[in-house]
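Every read-out reported here was derived from the displayed coordinates using simple, explicitly stated rules and does not represent laboratory data. Since the structure is predicted, the reported quantities are computational estimates derived from the model, not experimental observations. Ideal geometry is used to build each Cβ from the backbone, glycine not excepted, and the neighbour counts take in all protein chains shown.
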Amino acid sequence: MSRINKIAEKAALANRKLLIPYLVAGDPNLETTSAIMHKLVGQGADIIELGIPFSDPSSDGPIIQRGVERALAKGTTLKQVLGLVAEFRKTDTNTGIVLMGYLNPIETMGYKAFAEAASSAGVDGVLTVDLPPMEADELNAMMRAVEVDTIFLVAPTTREERVASITEHCSGYLYYVSLKGVTGAALTDFGSVTTNINKLRERTQLPIVIGFGIKDAESAAAMGRLADGVIIGSALVEKIALLADQVEHESELLTDTIRVISEAREALDKLV
Amino acid sequence: MAKPKESAAAVDPAVFDGPDASGHFGPYGGVFVGETLIAAVEELAEVYEELSADKNFWTEYDSELKHYVGRPSPLYFAERLTDSAGGAKIYLKREDLNHTGAHKVNNTIGQALLAKHMGKTRIIAETGAGQHGVASATVAAKLGLECHVYMGAEDIIRQAPNVYRMKLLGANVISVESGSRTLKDAMNEALRDWATNVDNTYYIIGTVAGPHPYPKLVRDFQCVIGREAREQSLDQIGKLPDALVACVGGGSNAIGLFHPFLKDESVTMYGVEAGGHGLATGEHAAPLSSGCSPGVLHGNRTYLMSDEAGQVLETHSISAGLDYPGVGPEHSWLKDMKRVNYVDATDEEAMKAFHQLTRLEGIIPALESSHAVAYAMKLAKTLPREKNIVINLSGRGDKDIETVAKIEGIKL
């Protein structure tokens with residue numbers, strides 16, 4: 001049983017919704033990312049999605065694009081991101097870590113080398129935004145061999161007949177994209193989310209979490225009511241953007257930076 | 001200059017029949033986009049498969065090409081250019097004479113017909129040099145569709161006349177400020193727009209790249225170039241040409257010329273990439289001829305200029321239309337199959353060829369096409385007079401005169 005499975009199972013038993021913050025590794029630098037990760041755990045994050053910076057983030061909106069640009073300006077590489085995870089694992093073996101990014105850095109490192117490095121660093125799952133299931137067999141096999149979960153997206157546009165191939169390839173949790181658009185866009189159509197999540201429930205036993213467009217306690221609660229958890233990315237990255245390059249990691253400042261996460265935790269806990 | 005290789009021997013011609021049903025040319029191509037866009041590309045693939053099997057669709061397309069674009073474009077024997085090179089005879093396939101001034105319109109006409117059949121009311125496009133943006137804005141005006149063109153902020157400066165042309169045609173030109181602010185970033189932004197407005201929007205990709213089915217359908221629309229050139233060669237020369245030369249950025253004009261000849265073993269082919277300041281300097285846009293590895297960008301797997309960490313590199317070329325770090329996946333396959341020789345011409349060589357063709361033939365070529373002219377002249381020198389070379393003169397150079405004047409220190 002993978003760490004993500006255990007986290008999800010434990011949460012389900014405790015009637016607790018999964019809270020999954022997303023941030024870009026290396027934004028504004030790797031040391032600060034590490035400090036924020038530990039802070040997020042302290043505020044109730046169950047799993048952390050760590051963005052691998054890529055020069056051409058074509059599924060991301062302007063807020064995350066700029067986060068990626070800041071990380072790349074520091075020369076952040078996939079190897080360093082894996083190093084960051086290994087460092088994090090020295091003091092935290094409970095929190096799930098999912099790497100989210102685009103295929104080219106992984107392809108450049110080589111699937112096998114990446115799978116081995118991810119596993120030994122303590123990565124629990126990988127979500128490759130531009131790698132749909134029909135192209136994913138080879139990478140999936142490598143990740144499964146080292147017991148790292150492979151997470152896939154379902155979008156409002158996903159056709160019924162594709163869902164089976166997605167759930168077949170997916171492990172850990174299923175990521176439902178709440179809207180048509182890019183990360184950080186405004187979430188408006190709650191009705192279609194409800195319908196689509198209910199349909200997905202009939203098709204899979206996987207935990208379902210919702211991401212894109214969740215920006216505060218209110219939207220976290222609204223989406224959390226429908227799913228097993230929520231992902232908050234742009235609203236956090238927007239706050240990280242305000243940090244100076246050199247911040248005092250123990251300061252109140254970081255608490256303020258991640259306030260959206262602690263507020264979301266509170267709102268989610270009130271649901272049950 | 002690369003030594004002319006033997007043309008493809010011992011290769012099963014069926015390897016040129018790609019892509020397969022899932023959009024692969026060998027290991028290249030495929031569909032690498034976010035989940036939100038999967039349904040849209042699958043729908044497009046289904047619609048295209050249906051329509052491309054329908055004679056009426058091609059009748060409508062051919063009629064537009066004849067009456068609106070002005071096809072067929074001539075195959076012109078460039079006698080003074082031939083004499084100047086001092087070797088094989090050089091012919092120009094005059095895509096510069098098309099309506100809007102380049103080969104791009106062959107594709108936008110076809111895709112606009114697809115958009116119309118799919119009931120889409122809004123068109124988006126990315127553009128580098130502005131030629132594809134102009135061709136998209138043109139067909140949008142003709143069909144009464146809303147049109148938004150994404151263009152890198154750098155390119156907007158480099159290609160001011162085309163920006164104004166698009167605006168005159170009623171298109172909304174959106175300046176892209178992210179990343180390297182050139183063609184690749186314009187394409188990222190167009191993909192984001194498409195994901196957001198996928199219900200009513202048709203994305204006209206301008207080259208043989210992007211996710212399947214784009215590399216296939218753009219190729220099919222551009223193949224009119226090669227089909228005509230083949231027929232014209234038989235008619236005017238009495239045989240097939242010995243060599244074909246075309247510039248390669250994304251590679252749509254090149255694939256359009258090459259594809260109908262792929263199974264003609266006697267025809268040697270040269271795809272000329274942008275050598276920029278020279279391959280050794282690293283400042284170029286030549287993923288095939290500079291020895292890059294394959295990677296994944298903008299929906300497909302192909303040879304790609306990226307660094308050791310997998311970040312896509314910024315490219316350099318004097319011509320905005322070739323300034324792209326990837327290349328259409330079918331070209332990657334043709335490179336591996338050794339069917340096409342991929343070579344380069346530098347900024348300087350392209351500039352020299354630009355002037356030569358202008359002065360010797362009274363034809364001002366686009367800077368993109370000037371790369372093909374430069375290489376073809378070198379190639380011609382190595383071949384006897386009885387050999388025949390066809391260059392795809394993919395566009396005219398009116399859009400480039402400011403760039404050329406600026407480089408040469410002339411104030412207009």
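What does the C-alpha gyration tensor say about the overall shape of the protein assembly as shown? Classify as rounded when a/c is under 1.5, otherwise prolate if a/b is larger than b/c, or oblate.
Cα axes put the protein assembly as shown in the prolate bin.
Taking the number of other C-beta atoms within 10 Å as the exposure measure, put B:H371, B:H99, B:H67, A:H169 in order starting with the fewest.
Ranked by crowding around the Cβ, least crowded first: B:H67, B:H99, A:H169, B:H371.
Could you give the semi-axes, largest first, of the ellipsoid that matches chain B, computed as the square roots of 5 times the alpha carbon gyration tensor eigenvalues and rounded to whole Å?
29, 24, 22
Return the equivalent ellipsoid semi-axes of the stretch A:26-110 as a descending list in whole Å, where each equals the square root of 5 times an eigenvalue of the C-alpha gyration tensor.
21, 14, 12
Quick one: how many lysine pairs in the stretch B:80-183 have C-alpha atoms under 24 angstrom apart, if they're 8 or more apart or on different chains?
10
Across the stretch B:340-354, in residue order, what do the Karplus-derived ³J(HN,Hα) couplings come to in whole Hz, using 6.51 cos²θ - 1.76 cosθ + 1.60 with θ = phi - 60° and x for Gly and Pro?
Ordered by residue, 3J(HN,Hα) equals 10, 8, 9, 10, 9, 10, 7, 3, 5, 5, 5, 4, 5, 5, 3 Hz.
Under the rule of -39500 (n - 2.57) per DSSP H run of 4 or more residues, summed and divided by the residues of chain A, what mean residue ellipticity at 222 nm is obtained, to the nearest 500 deg cm²/dmol?
-14500 deg cm²/dmol
In whole Å, largest first, what are the principal axis extents of the Cα atoms in the stretch B:37-164?
Principal-axis extents of the stretch B:37-164 (Cα, largest first): 54, 41, 27 Å.
How would B:W58, B:W333 line up from fewest to most surrounding beta-carbon atoms within 10 angstrom?
B:W58, B:W333
Once Lys and Arg get +1 and Asp and Glu get -1 on their Cβ, which of B:V69, B:L114, B:L37 lies farthest toward the positive end of the dipole of the stretch B:11-116?
The listed residue farthest towards the positive side: B:V69.
Taking springs between alpha-carbon atoms closer than 10 angstrom, which of B:H277, B:H212, B:H331 fluctuates most in the Gaussian network model of chain B?
Greatest mean-square fluctuation among the candidates belongs to B:H277.
Calculate the length of the line joining the C-alpha centroid of the stretch A:221-263 to that of the stretch B:86-156, in whole Å.
Cα centroid to Cα centroid, the span is 44 Å.
List the residues whose amide H sits under 5 Å from the amide H of A:G229, counting only those 5 or more places along or on another chain, with H placed 1.01 Å from N in the peptide plane.
Long-range HN contacts for A:G229: A:L18, A:I210.
Taking springs between alpha-carbon atoms closer than 10 angstrom, which of B:E368, B:E154, B:E49 fluctuates most in the Gaussian network model of chain B?
B:E49
About the Cα centre of the protein assembly as shown, how large is the charge dipole given +1 on each Lys and Arg Cβ and -1 on each Asp and Glu Cβ? Please answer in debye to the nearest 20.
Result for the protein assembly as shown is approximately 960 debye, rounded to the nearest 20.
Percent of Cα-Cα pairs more than 17 Å apart in the stretch B:198-275, please.
50
Which residues' amide hydrogens lie under 5 Å from the amide hydrogen of B:S306, considering only partners 5 or more residues apart or on another chain, with H built in the peptide plane?
Those qualifying (amide H under 5 Å, at least 5 residues apart or on another chain) are B:S293, B:L313.
Based solely on its DSSP helices, what 222 nm [θ] is calculated for chain B when runs of n ≥ 4 H residues each add -39,500 (n - 2.57) and the sum is averaged over all residues, nearest 500 deg cm²/dmol?
Calculated from helices alone, the mean residue ellipticity at 222 nm is -12000 deg cm²/dmol.
Which FRET efficiency value, to the nearest 0.05, do you get for B:A21 and A:E138 by plugging their Cβ-Cβ distance into 1/(1 + (r/R0)^6) with R0 = 25 Å?
My answer for the efficiency is 0.85.
For the stretch A:1-36 and the stretch B:291-354, what is the separation of their Cα centres, given in Å?
39
Rounded if a/c is under 1.5, else prolate if a/b beats b/c, else oblate: with a ≥ b ≥ c from the C-alpha gyration tensor eigenvalues square-rooted, which is the stretch A:3-262?
Here the stretch A:3-262 falls in the rounded category.
I'd like the distance between the alpha-carbon centres of the stretch A:169-202 and the stretch B:18-69, rounded to an integer number of Å.
Each part reduced to its Cα centre gives a spacing of 29 Å.
Give me, ordered by chain and number, the residues 5 or more places off B:D344 or on other chains with an amide H under 5 Å from its own placed amide H.
Amide H to amide H, under 5 Å and 5 or more residues apart or across chains, B:D344 pairs with B:E273.
Step through the residues of the stretch A:230-241 one at a time and calculate ³J(HN,Hα) from phi using the Karplus curve (6.51 cos²θ - 1.76 cosθ + 1.60, θ = phi - 60°), rounding each to whole Hz and writing x for Gly and Pro.
9, 10, 10, x, 4, 5, 7, 4, 4, 6, 4, 4
Among A:F152, B:F25, which comes first, then next, by fewest other beta-carbon atoms within 10 Å?
A:F152, B:F25
List, in order, the whole-Hz ³J(HN,Hα) value for each residue of the stretch A:34-42 obtained from phi through the Karplus relation with A = 6.51, B = -1.76, C = 1.60 and θ = phi - 60°; use x for Gly and Pro.
The phi angles translate into 4, 4, 5, 4, 5, 4, 4, 4, x Hz.
Springs between alpha-carbon pairs under 10 angstrom, Gaussian network model over chain A: which of A:E218, A:E135, A:E69 fluctuates most?
A:E135
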